Amino acid sequence: MNIHEYQAKELLRRYGVPVPPGRVAYTPEEAEEAARELGGELWVVKAQIHAGGRGKAGGIRLARSVEEVRQAASDLLGRTLVTHQTGPAGRLVKRVYVEQGCAIARELYLAALVDRQTARVTLVASTEGGVEIEEVAVRSPEKILKVAIDPVTGFMPHYGRELGFGLGLSAQEVRRAVGLMKGIYDCLVDKDASLVEINPLVVTRDGEFLALDAKMNFDANGLFRHPDIVELRDLDEEDPMEVEASRHELNYVKLDGNIGCMVNGAGLAMATMDIIKLYGGEPANFLDVGGGASKERVAAAFRLLLADPKVEGVLVNIFGGIMRCDVIAEGIVAAAREVNIDLPLVVRLEGTNVELGRRILQESGLPIVPATDLADAAQKIVAAVRGAC
């Protein structure tokens, strides 16, 4: 789960991370009022969407008067912002963040993340602040500094000092940076986040640190422990189909292909998508119904697949263990009859109650193509979709 920049900054503030004063606004009038409350002679008006690259897309504006703040908010609110992370459809701007300007001396990059390679929380820093870290990794990998935190000790000052001096900070700046790094580490661990990123982290002309931008991702599996984080969720920023899937406890990720996949188990889902591509097809989604789904959940998953206008065929690949094949079959039949399916449908069932499941499908009267194994299923759905085009 992602949250907006202004929400991330409020969380960081609670952990002692310095952030510029700012206010969120939903109208140009609120933006102007926010600027007057903040005071000063320079403000930044930022579109609030769940995507990076806002500055390059014109989503971040400098304003030197409250009138300019109002105009910038008016220009951004209601606009569809297209960045390299939104895709061509872009994201509709429904709120802006008005922030007090500051005198920037240096821009740095700082993040805490869960590193799957080391199985530890890792602090990442770079002197190349304000630049996409992926670009830095390609262009100047030596400028990316990493420190893996020992989970037994947690964050210790020497981790921060190592990064601070590696960034070329003065001794006084390093002392301040150590506290800041502890703040983002504690925030990540306490809130079950997978990423806390500050880009840029600026050093002002007065030698102070400020988190000029903030991004946070949270592990959805840990959200049950954090109702305060769940309240920050903005459903307007998420794919409507993924939101609907979450209501039925389905693991669903929309992709760009035309073959819908319904599978139980993440590993089997990955294998299914891989073999579809092997035979020249393109998966339209990742959909895992889980190990113990009910007939109703299976039916909801099937309806979700068919609601995607890009889907031209469906492959159901189930290996029944806890999930019984007859339950899958009943769900498929119920959903297919409800939506009056007219797309190629290939089903491969194996495991618990497989014969009963196959019989239910066979006796349904639906145009279902059975498959004997995974390769057979992939070949059949790819061929059926090509034949339907």
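I'd like the orientation of helix 66-76 relative to the chain: the angle between its Cα long axis and the longest Cα principal axis, in ° from 0 to 90, rounded to 10.
It works out to around 10 degrees.
Straight-line reach only, C-alpha to C-alpha below 18 angstrom: list the lysines that Lys380 could link to, leaving out same-chain residues fewer than 8 apart.
Lys277
Taking 0.36 nm per residue of sequence separation and subtracting the Cα-Cα distance, how much length would be gained by fully extending the chain between Lys146 and Leu366, in nm to one decimal?
Numbers: separation 220, 0.36 × 220 = 79.20 nm, distance 5.61 nm.
Length difference between fully extended and current span is 73.6 nm.
Quickly rank 82-91, 338-347 as a protection proxy: mean count of other C-beta atoms within 10 Å, highest first.
Result, highest mean first: 338-347, 82-91.
Under 8 Å for C-alpha pairs, at least 6 residues apart: give me the relative contact order for region 271-342, rounded to a whole percent.
Once divided by the residue count of region 271-342, the mean separation gives 35 percent.
Given axes a ≥ b ≥ c from the Cα gyration tensor, I'd like to know whether region 238-355 is rounded (a/c under 1.5), prolate (a/b larger than b/c) or oblate.
Working: a/c = 1.32, a/b = 1.16, b/c = 1.14.
It is rounded, given that a/c, with a ≥ b ≥ c, falls under 1.5.
Run the accessible area of the chain with a 1.4 Å probe and give the carbon-and-sulfur part as a rounded percent.
51
Between Arg337, Arg303, Arg348, find the one with the highest GNM mean-square fluctuation for the chain; connect C-alpha pairs within less than 10 Å.
Arg337
Would you compute, from DSSP H runs of 4+ residues alone, the mean residue ellipticity of the chain at 222 nm, taking -39500 (n - 2.57) per run and dividing by the full residue count, rounded to the nearest 500?
Numbers: 13 runs with 145 residues, N = 389.
So the helix-based figure for the chain works out to -11500 deg cm²/dmol.
I'd like the Karplus ³J(HN,Hα) series for region 36-45: coefficients 6.51, -1.76, 1.60, θ = phi - 60°, whole numbers in Hz, and an x wherever there's a Gly or Pro.
5, 5, 6, x, x, 10, 9, 9, 10, 10
Relative to the longest principal axis of the chain, what angle (0 to 90°, nearest 10) does the C-alpha long axis of helix 171-190 take?
Orientation of helix 171-190: about 30 degrees from the principal axis.
Which of the trypsin sites (Lys or Arg not before Pro) found in region 189-249 are in a DSSP loop and have at most 12 neighbouring Cβ atoms, other than their own, within 10 Å?
Arg205
At a Förster distance of 45 Å, what's the computed FRET efficiency of Val138 paired with Lys94, Cβ-Cβ distance as r, to 0.05?
Details: r = 34 Å, r/R0 = 0.75.
With R0 = 45 Å, the Cβ-Cβ based efficiency is 0.85.
Determine ³J(HN,Hα), in whole Hz, for all residues of region 191-205 in sequence, where each value follows from phi through the Karplus function 6.51 cos²θ - 1.76 cosθ + 1.60 and θ = phi - 60°; x replaces Gly and Pro.
So the Karplus estimates, Gly and Pro as x, are 9, 6, 7, 9, 8, 10, 10, 10, 8, x, 9, 9, 9, 7, 5 Hz.
Which value, in Å², gives the accessible area per residue of the chain when a 1.4 Å probe is used on the protein heavy atoms?
Details: 18080 Å² over 389 residues.
Heavy-atom SASA per residue in the chain reads 46 Å².
The values are calculated or read from the model by the stated rules, or taken from the named source; none is laboratory data. Note that the structure is a prediction, hence the values are computed from the model and not measured. Virtual Cβ from ideal backbone geometry, glycine too; neighbours counted across all protein chains shown. Calculation scope for accessible area: heavy atoms of the full protein, side chains included, ligands and nucleic acids excluded. Shrake-Rupley method; radii C 1.70, N 1.55, O 1.52, S 1.80 Å.
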